[in-house]
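Report on one structure; see the data block that follows.
The values are calculated or read from the model by the stated rules, or taken from the named source; none is laboratory data. Every value quoted in this text rests on a predicted model; they were computed, and no experiment measured them. Positions of Cβ are generated from backbone atoms using ideal geometry, with glycine treated the same way; all protein chains shown enter the neighbour counts. Surface accessibility is based on the protein's heavy atoms, side chains included, excluding ligands, DNA and RNA. Shrake-Rupley method; radii C 1.70, N 1.55, O 1.52, S 1.80 Å.
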Amino acid sequence: RCTECGLCRTRTQTVFQDGAGASGVLFVGEAPGADEDRTGVPFVGRAGQLLTDIITKGMGLPRADVWIANVLKCRPPDNREPTPAEKATCTPFLDRQIELMAPRVIIPLGRHAAMHVLGIEASMGAMRGQVHERGGRPVVPTFHPAYLLRSPGEKKECWKDIQRAMEVLGLPLPKKPGM
């Protein structure tokens, strides 16, 4: 029911989060897309199906065992980039989610989500490939699934990031990635 910014006039519904998070993993995207706005669930379109494969086939976890959220809780019209004011308005919601969930690892998906979670301005290449920290929690940025659909050659690099997050969690690595 939030009406703090103009996105409330163009959204169908808010898209708050998905999953129960039993694994302690929190994936954070940038903003809901059209499918998410329609269903009220994050990452349900083509990119969401790839994320589900990363979770279930790559990490060996049920999707319900992770949390999935976005920086913005409402879809920007025409999937445009969120404005700084929109991000600032939604930041307290994401911050409170992180506080309440207390994830064991945060995996931002894509440059915008990673910059927002880490509070820095940097290229994806400078952020991924390592474990950062936010409020004492490990943060492992990786590529957004929509980017991987456009650039499938980067899936191997994403898999390295996911393995790094799994190591942080102490999860066993599958013999072969199922992505």
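In Å and whole numbers, how far do the C-alpha atoms of region 1-80 stretch along each principal axis, longest first?
39, 22, 17
Over all distinct alpha-carbon pairs, what is the Kirkwood Rh of region 31-125 in angstrom? Intermediate values should be presented prior to the final figure.
Details: mean 1/r = 0.0700 Å⁻¹.
Evaluated over region 31-125, this radius sits at 14.3 Å.
At 222 nm, what helix-only mean residue ellipticity would the chain give, in deg cm²/dmol to the nearest 500, using -39500 (n - 2.57) for each DSSP H run of four or more? Walk me through the numbers on the way to the answer.
Numbers: 7 runs with 65 residues, N = 179.
Result for the chain, helices only: -10500 deg cm²/dmol.
Identify, among Val117, Gly129, Leu94, the residue whose Cα sits farthest towards the positive end of the charge dipole of region 77-164, taking +1 on the Cβ of Lys and Arg and -1 on the Cβ of Asp and Glu, with the dipole about the Cα centre.
Towards the positive end, the residue furthest out is Gly129.
In debye to the nearest 20, how big a dipole does region 53-179 give about its Cα centre with +1 on each Lys and Arg Cβ and -1 on each Asp and Glu Cβ? Mind showing how you got there, number by number?
Numbers: 19 positive and 13 negative charges, 75 e Å.
Here region 53-179 has a charge dipole of around 360 debye.
Give the label of the value calculated from the structure for Cα Rg over 2.2 N^0.38 Å, choosing from (i) 0.96; (ii) 1.10; (iii) 1.05.
This structure yields the entry labelled (i).
How much of the accessible area of the chain, in percent, comes from carbon and sulfur atoms when a 1.4 Å probe is used?
Values: 4280 of 8540 Å².
That share works out to 50 percent.
Compute the accessible area per residue over region 130-179, keeping the other protein chains in place, probe 1.4 Å, unit Å². Before the final figure, lay out each step's value.
Working: 2780 Å² over 50 residues.
In whole numbers, region 130-179 has 56 Å² accessible per residue.
Between Lys175 and Glu99, 0.36 nm times their residue separation minus their Cα-Cα distance comes to what?
Numbers: separation 76, 0.36 × 76 = 27.36 nm, distance 3.38 nm.
Stretched out fully, the Lys175 to Glu99 stretch lengthens by 24.0 nm.
Given the Cα-Cα distance of Thr39 and Glu167 and 0.36 nm per residue of separation, how much length would full extension add, in nm? Spell out each step's value before the answer.
Numbers: separation 128, 0.36 × 128 = 46.08 nm, distance 3.30 nm.
Full extension of this stretch gives 42.8 nm more.
Would you please name the trypsin sites (Lys or Arg not before Pro) within region 125-179 that are DSSP coil residues with at most 12 other C-beta atoms within 10 Å of their C-beta?
Working: sites: Arg128, Arg134, Arg150, Lys155, Lys156, Lys160, Arg164, Lys175; in loops: Arg128, Lys175.
Loop-located and lightly packed - Lys175.
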